[in-house]
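The values are calculated or read from the model by the stated rules, or taken from the named source; none is laboratory data. This one's a predicted model, so the numbers in the text were calculated from it and none came from an experiment. Please note: Cβ atoms are built from the backbone with ideal geometry, for glycine as well, and neighbour counts cover all protein chains shown.
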Amino acid sequence: MRILQCSDAYLPHPSGVAEHIYHLSNALRKRGHEVYILAPHYPSEKNMPYVKRVGRVFYVNGNGSTITLTRGKRLLKDVKGYLHRMKFDIVHTHGPMPFNLPYIAFHYATAAVNVATFHSAFSGFNPFSILRFIHYKEYKRKMHGVIYVSETAKDNHFRFFYPSYYTIVPNGIDTDRFNPKVAPIKAYKDRDIILFVGRLDKRKGLKRLINVFPELKKKFPKIKLVVVGEGVRESYLDSLPWRLRKDVVFTGYVSREDLPSYYRSAKIFISPSYGSETFGIVLLEAMASEVPVIASDIPGYRNVIENNVNGLLFKTEKEMISSIVSLLTNKTLRDRLVKNALKTAEAYSWDSIAARVEAFYTLLRKKHLNSYDH
């Protein structure tokens, strides 16, 4: 099949959606398909095979995070022309919402089958409660099937669209990239590293971790907090006593090649997000790296973590501290969680995920072509 994956978020932008599309596309190519990607231009992009760039990315704040969108004077014309030239069998859009790039591709799609994946969850107001009325009939007519990355994502979107065919296919993990054989960073060898990976957006909950760091430092003088991700760091540093700032390292953006080494250098990985997470790919990256995971007890993370089995979940900052103390002092607990977590990560290989997506494509083509013939 000739397949198009389309998203406003793609490499070099660091996001779970960008990683999802990159790995899914590669895995589908290994299965013999011809896969292309439609995405906006980014300031620091490099030439990538199979990637068509249109318009330019711009960023807006929303849902407690940074949202990528695409704009450009020739955007509509370029998208329409590209789709008509390429004659795709499958147009697979990620997060189509009026009027982002996936929605534009969805609007002009001439493929036999159109598929949409919804990755997001919303805390508070859900914009689809209003947006579903915009071109709603066209959504229903052209959306042949929907993929949700988790039950949480389904709960946030299903009631607004009622797709005829849907399935739940989770995010995957690149176990060739994230695994226990990766070498750690030498500079962190003699420190107990607590690792955070994610954009410095409010909803990611880094402030909660910063709040408890002084108390943790009293209990464990050797700990160091390493924060990997882009964003404004000043507000976080300002809330720390001067004497502790040397023990909190903000790396900024870390390349895809170097990120696995940060995981392997960590004693504990923590994801303290407030919400709006549907899955948590960073949890799997840590699990595959044999790093014990602590995460906030929210629906999206419960799709991956079974509390006290393959990780620890917390509701309050007090519980977060207790979980960290337990993992730093109880080797038996650490070993048990890490062993179970590694098994969890192995079940999410991209080969398995791509096979499930391919099967859904095939089902939709069969159903749609049969209904078309009649």
**Q.** Condition broken by residue 110, with the remaining ones in (1) modelled with pLDDT of 95 or more; (2) β-branched (Val, Ile, Thr); (3) in a loop (DSSP other than H, G, I, E, B) satisfied
**A.** (1)
Q) What number goes with the only condition from (1) at pLDDT 95 or above; (2) under 19 Å from residue 303 (Cβ atoms) that residue 280 does not pass? A) (1)
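Tell me which residues, restricted to the range 215-234, are of a type in the set (Val, Ile, Thr) and surrounded by fewer than 18 Cβ atoms within 10 Å (Cβ to Cβ). Break it down stepwise before answering.
To start, the set of residues in the range 215-234 that are of a type in the set (Val, Ile, Thr) comprises 223, 226-228, 232.
Within the range 215-234, just 232 meets the criteria.
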Q.
It is to be established whether one or more residues within the range 277-287 are surrounded by 14 or more Cβ atoms within 10 Å (Cβ to Cβ) and over 19 Å from residue 14 (Cα atoms).
A. yes
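Matching residues to (1) in contact with a Lys or Arg (Cβ under 8 Å, 6 or more places away or on another chain); (2) at pLDDT 95 or above:
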position	(1), (2)
322	no, yes
327	yes, yes
331	no, yes
340	no, yes
347	no, no
354	yes, yes
360	no, yes
366	no, no
Q) Are there any pairs, at least 6 apart or on different chains, whose C-beta atoms fall under 8 Å, with the first in the range 217-228 and in a helix (DSSP H, G or I) and the second of a type in the set (A, V, I, L, M), and if so, which? A) 217/223; 217/244; 219/325
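State whether one or more residues within the range 26-35 are outside the structural domain of residue 230 (by TED's automatic domain parsing), basic (Lys, Arg) and at pLDDT below 95.
Of all residues in the range 26-35, those outside the structural domain of residue 230 (by TED's automatic domain parsing) come to 26-35.
The next check asks that each one be basic (Lys, Arg); those that pass are 29-31.
Right, trim to at pLDDT below 95 and you get none.
No, the range 26-35 has no match at all.
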(Q) Looking at the structure I just gave you, is residue 329 surrounded by fewer than 23 Cβ atoms within 10 Å (Cβ to Cβ) and under 24 Å from residue 224 (Cα atoms)? (A) yes
Q.
Looking at 75, 28 in this structure, which one is buried (at least 22 other Cβ atoms within 10 Å of the Cβ), touching a helix residue (DSSP H, G or I) at 6+ places or on another chain (Cβ under 9 Å) and not basic (Lys, Arg)?
A. 28
Q: Please name all residue pairs, on different chains or six or more residues apart, with Cβ atoms under 8 Å, provided the first residue is in the range 3-16 and is assigned by TED's automatic domain parsing to the domain that holds residue 38 and farther than 13 Å from residue 50 by Cα and the second residue is among the polar types (S, T, N, Q) and in a loop (DSSP other than H, G, I, E, B).
A: 8/100; 9/15; 12/44; 16/171
(Q) Between a residue in the range 230-241 that is touching a residue at least 12 places away in the same chain (Cβ under 8 Å) and outside any loop (DSSP other than H, G, I, E, B) and any residue that is surrounded by 16 or more Cβ atoms within 10 Å (Cβ to Cβ) and of a type outside the set (Ser, Thr, Tyr), which pairs come within a Cβ distance under 6 Å, given they are 6 or more apart or on different chains? (A) 236/210
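Considering the range 36-94 alone, what residues qualify as being basic (Lys, Arg) and either more than 22 Å from the chain's Cα centre (by Cα) or modelled with pLDDT under 95 (or both)? Full working, then the answer.
So the first thing to find is which residues in the range 36-94 are basic (Lys, Arg), and the list is 46, 52-53, 56, 71, 73-74, 77, 80, 85, 87.
Of everything in the range 36-94, those that are basic (Lys, Arg) and either more than 22 Å from the chain's Cα centre (by Cα) or modelled with pLDDT under 95 (or both) turn out to be 46, 71, 73, 74, 77, 80, 85, 87.
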**Q.** Flag if residue 232 is among the hydrophobic types (A, V, I, L, M, F, W, C), at pLDDT 90 or above and over 23 Å from residue 325 (Cβ atoms)
**A.** no
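When residues of the range 1-24 are filtered for being hydroxyl-bearing (Ser, Thr, Tyr) and closer than 12 Å to residue 172 by Cα, how many remain?
Total satisfying the criteria: 1.
Applying the selection to the range 129-154, what residues are at pLDDT 80 or above and over 23 Å from residue 350 (Cβ atoms)? Can you show your working first?
Here is the first cut: in the range 129-154, the residues at pLDDT 80 or above are 142-154.
Within the range 129-154, 142, 143, 144 meet the criteria.
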Q) Out of all the residues in the range 307-321, is one or more crowded, with 17+ Cβ neighbours inside 10 Å, on the phi > 0 side of the Ramachandran plot, part of a loop (DSSP other than H, G, I, E, B) and not aromatic (Phe, Trp, Tyr)? A) no
Q: Determine if the range 235-248 includes at least one residue that is surrounded by 14 or more Cβ atoms within 10 Å (Cβ to Cβ), in the same structural domain as residue 282 (by TED's automatic domain parsing) and basic (Lys, Arg).
A: no
(Q) Can you find, within the range 183-216, the residue that is farthest from residue 322 (Cα to Cα) among those that are within 26 Å of the chain's Cα centre (by Cα) and part of a loop (DSSP other than H, G, I, E, B)? (A) 183
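Only residues that are in a loop (DSSP other than H, G, I, E, B) and closer than 22 Å to residue 364 by Cβ: list them for the range 94-105, please. Please lay out each step first, then the result.
Here is the first cut: in the range 94-105, the ones in a loop (DSSP other than H, G, I, E, B) are 95-100.
The answer is 95, 96, 97.
Can you pull out the residues in the range 203-242 that are among the hydroxyl-bearing types (Ser, Thr, Tyr) and within 20 Å of residue 254 (Cα to Cα)? So that I can check it myself, show each step before the final result.
The initial filter retains those residues of the range 203-242 that are among the hydroxyl-bearing types (Ser, Thr, Tyr), namely 235-236, 239.
Once the filter is applied, which keeps residues that are among the hydroxyl-bearing types (Ser, Thr, Tyr) and within 20 Å of residue 254 (Cα to Cα), the range 203-242 yields only 236.
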